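Comments concern the structure below.
Rule-based calculations on the coordinates, nothing more; no lab input. Remember, predicted model here, so these are calculated numbers, not experimental data. Here the Cβ is made from the backbone with ideal geometry for all residues, glycine too, and neighbour counts use every protein chain on show.
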Amino acid sequence: MPSEGRCWETLKALRSSDKGRLCYYRDWLLRREKQGEEEVASHHEAAFPIAVVASGIWELHPRVGDLILAHLHKKCPYSVPFYPTFKEGMALEDYQRMLGYQVKDSKVEQQDNFLKRMSGMIRLYAAIIQLRWPYGNRQEIHPHGLNHGWRWLAQILNMEPLSDVTATLLFDFLEVCGNALMKQYQVQFWKMLILIKEDYFPRIEAITSSGQMGSFIRLKQFLEKCLQHKDIPVPKGFLTSSFWRS
């Protein structure tokens, strides 16, 4: 895949990086994050090579990592997670932009395209929090690790769901980093999934129209299968140790 080749070249360059290359890596990551809206949404496996470079740059240059995170939060408030609310006197187009929609010439993008972009960014975020670049200091903690994924999941469940959006992004998040969270949090993680099934599913279903049931059914079937088998599969495209030996 082109993403893997380009990311691998950048990853190798990181091993001998200096401050003079900092702006290059920052700009490169911002471009790749934009691609995450499209490439990761269309090719889910692309999240992992992009994410491992992001993690590597973040570890070496924390300020760049913070910039990437802020950029992600601005374009996808659900990665915080945050559901913007409409305020009195606010222009509708401004509110739609706050929600993450692209608005051009007073025309709002189609819902399918919006969800596809949000999915790409959530998948990229879910990949970043679980991956370490292979040449870092293993004694140091991940600059933005799985504990942030656990916090994200807990906060989502404490928020009222949004029709179509919440079910879509929960599925994306759990499919990408559910396996890593399962290994990290074990019994507590399974309790969280049972809570989603017993308490959160009815709340999602209650606000979901018949034309938007696809995302809810997909999440429901995924979670029920995981609970039945007591396992969440490793996501497709995950970078195994053989990737680094190639």
Using the Cβ atoms and a cut-off under 15 Å, what net charge is assigned to the surroundings of ARG203, where Lys and Arg are +1 and Asp and Glu are -1?
-> -3
Loop GluC sites (Glu not before Pro), the stretch 97-205, which have at most 12 other Cβ atoms in a 10 Å radius of their Cβ (DSSP) = GLU140
Backbone HN-Hα couplings from phi across the stretch 65-78 [Karplus 6.51/-1.76/1.60, Hz, Gly and Pro as x] = x, 5, 5, 4, 5, 4, 5, 5, 4, 5, 7, 9, x, 6
